1. Need one word for segment 19-91: rounded, prolate or oblate. Basis is the Cα gyration tensor (sqrt eigenvalues a ≥ b ≥ c); a/c below 1.5 gives rounded, then a/b vs b/c decides.
2. For Arg150, which sequence-distant residues (separation of 5 or more, or a different chain) have an amide H within less than 5 Å of its own amide H, given hydrogens modelled in the peptide plane?
3. With a point put 7 Å past each Cα toward its Cβ, work out how far Asp75 is from Asp22 in nm, to one decimal.
4. Before I look further, what does segment 19-175 give for accessible area per residue, probe 1.4 Å, in whole square angstrom?
5. Between Ser33 and His88, how high is the FRET efficiency from 1/(1 + (r/R0)^6) when r is the Cβ-Cβ distance and R₀ = 22 Å? Nearest 0.05.
6. If you take the Cα Rg of segment 44-175 and divide it by 2.2 N^0.38 Å, with N the number of residues, what do you get?
7. Would you mind telling me the share, in percent, of accessible area of segment 94-172 contributed by carbon and sulfur at probe 1.4 angstrom?
Amino acid sequence: MLRRILSLGAAAVAALTAACGDGPATVGGSWRSPATWSTMFWATAQGPMLVQIHGAPFSMDGAEFRTLVAEAMSDQVIGRVVRFTASHELARHPEARVVVAFDTPPDLASDALCTGEVATAVAGGDRIAVEAAFCHRGSQLAAVRGWVARGTGPRDKRFRQLLGQVVRELFGAPE
């Protein structure tokens with residue numbers, strides 16, 4: 001009986017470990033500006049924050065994809081209602097924005113996202129890579145990288161979880 005319980009326990013641990021291999025996973029940048037939280041608070045006080053999206057990890061209409069990404073990123077900050085929009089016109093303070101790039105080259109410097117020097121690769125492979133930066137007037141305040149197993153589309157649970165992790169990692173907690 002004990003042998004059976006141990007084998008079931010080992011199988012459960014193996015299944016959980018395998019699930020982690022699909023992500024999502026994020027790694028924060030090496031530096032975050034002390035002004036990150038206050039700038040985000042200011043930029044979202046009167047409306048949604050602009051999110052600029054580069055790359056297309058799924059074959060679908062670009063406008064629909066950008067809308068779904070903005071929706072998945074919204075309401076992910078702990079302790080603050082933060083909404084995102086892919087529409088420049090709807091953003092109250094577009095000079096403060098999050099730039100998200102999918103399937104970027106591994107050597108892309110995250111501060112290049114804030115200056116508009118974004119290079120993306122053709123989607124493919126078994127993972128979706130993401131690079132994101134919180135920018136204010138062309139300067140980077142925070143950055144994060146992440147990945148997730150290539151899912152079925154932007155409504156995929158793991159893809160949406162990745163975007164939530166990206167937002168929480170970018171802004172952290174109030175300081």
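The values are calculated or read from the model by the stated rules, or taken from the named source; none is laboratory data. This one's a predicted model, so the numbers in the text were calculated from it and none came from an experiment. Virtual Cβ from ideal backbone geometry, glycine too; neighbours counted across all protein chains shown. The protein model used for the area step is the full one, side chains on, heavy atoms only, and it has no ligands, DNA or RNA in it. Shrake-Rupley method; radii C 1.70, N 1.55, O 1.52, S 1.80 Å.
1. oblate
2. Arg127, Ile128
3. Label-label distance for Asp75 and Asp22, simple model: 2.4 nm.
4. 48 Å²
5. In this case the efficiency is close to 0.40.
6. 0.97
7. Here it works out to 48 percent.
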